[in-house]
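Novice: Could you have a look at this structure, given as structure tokens, before my questions?
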Amino acid sequence: MSTAGRTAHHDDAIGPRLRGRTLRQMHDPTVVVERDDRIARVRLANPSRRNPLGRETIGLLTAELAALGADHDVSVIVLSADGPAFSAGHDVREMLDRDEDTYRELFGACSELMLLLRSLAQPVIAVVDGVATAAGCQLVAGCDLAVATDTSTFATPGVKIGLFCSTPLVPISRAIGQKRSMEMLLTGASIDAPTALAWGLVNRVVPRDRLDATVDELVDAILAASPSVVALGKSAFYHQAGLSEPAAYEVMTEIMTANALLPDAQEGMRAFVEKRAPRWGA
């Protein structure tokens with residue numbers, strides 16, 4: 001995708017770090033990856049279709065994220081989208097009149113994508129400027145952090161077309177709790193960005209002209225920390241989330257012990273005592 005082919009909305013969305021400095025782009029227009037030093041920006045780029053998560057797009061997104069996860073030079077991943085919709089969810093057109101195996105493959109592939117987000121060493125930040133519905137809302141909930149513009153909306157409207165949002169409810173219910181999730185799932189009604197913030201679906205809600213700066217603040221905070229410790233911490237967080245409290249303490253005691261022995265932990269503690277900035281390892 002050439003610079004000339006980007007919309008003005010997209011140019012605003014990618015932020016000052018990358019504007020005019022695209023280092024890598026995919027040939028397929030539905031997913032674009034841009035790199036700038038330790039930051040990878042992954043963008044859904046099918047705005048005319050409201051960035052649907054069709055089988056091909058899910059596969060491309062999964063492959064790109066897996067490759068970035070294996071790249072030790074990448075410390076944070078920012079996931080955004082072109083146009084007025086972050087993602088309208090699954091592509092309903094490609095779902096009509098399919099057989100059981102096709103449906104299972106589609107929903108299974110989407111579930112694998114969501115699990116991949118959790119397993120990546122790098123934090124993933126969702127940047128939402130518009131509508132995020134069904135599997136699109138699931139994608140937001142599946143990321144580690146989320147920033148939204150104050151005009152964005154979120155919904156799980158599958159019940160309205162006879163297809164309950166059963167896989168989207170997995171990360172959404174874990175983010176916002178049972179009663180709030182059931183309200184979204186049973187009514188299919190949208191919630192606005194302030195509600196999404198109050199419920200815990202997103203971390204920040206800002207005017208559009210503050211979106212880039214707010215994302216950059218989170219990115220900079222992550223980049224200031226040791227990549228190996230961030231990776232360890234992210235893995236530990238999701239591991240303990242499924243355990244009982246006593247089991248979580250038992251496992252986290254061992255993980256924190258291992259963490260304390262890492263060179264970066266020793267360097268960080270020494271830097272604190274010596275009142276200087278830490279020098280993290282590669």
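What follows draws every value from the coordinates through simple rules; no lab data is involved. As the structure is a prediction and not an experimental result, all values here were calculated from the model. When we count neighbours, we look across all protein chains shown, and the Cβ atoms used for this are built from the backbone with ideal geometry, even at glycine.
Novice: Order of 90, 239 from fewest to most other C-beta atoms within 10 Å?
Specialist: The order, fewest Cβ neighbours first, is 239, 90.
Novice: Taking Rg/Rh (Cα atoms, Kirkwood Rh) as the quantity of interest, determine which of (i) 0.98; (ii) 1.02; (iii) 1.09 was computed from the displayed structure.
Specialist: Working out Rg/Rh (Cα atoms, Kirkwood Rh) from the coordinates points to (i).
Novice: Order by neighbour count: 160, 234, 275, fewest other Cβ atoms within 10 Å first, most last.
Specialist: Result, fewest neighbours first: 275, 160, 234.
Novice: Separate question: DSSP beta bridges in the chain, what fraction antiparallel, as a percent rounded to 5?
Specialist: 30 percent
Novice: Using only helices, what value at 222 nm comes out for the chain when you add -39,500 (n - 2.57) per DSSP H run of length 4 or more and divide by the total residues, to the nearest 500 deg cm²/dmol?
Specialist: My calculation for the chain gives -14500 deg cm²/dmol from helical runs alone.
Novice: Round to the nearest 0.05 the FRET efficiency obtained for residue 100 and residue 66 when R0 = 35 Å and r is the Cβ-Cβ distance.
Specialist: The value I calculate is 0.85.
Novice: Give me the percent relative contact order of the chain, please, defined on Cα pairs under 8 angstrom at least 6 residues apart.
Specialist: Answer for the chain is 14 percent.
Novice: Going by Cα centres, segment 202-254 and segment 155-171 are how many Å apart?
Specialist: One Cα centre to the other: 27 Å.
Novice: Where the only charges are on Cβ atoms (+1 Lys, Arg; -1 Asp, Glu), what is the dipole of the chain about its Cα centre, to the nearest 20 debye?
Specialist: About 440 debye.
Novice: Going Cα to Cα from residue 234, which lysines come in below 28 Å? Please leave out same-chain ones fewer than 8 positions away.
Specialist: By straight Cα distance, residue 234 reaches 179, 275.
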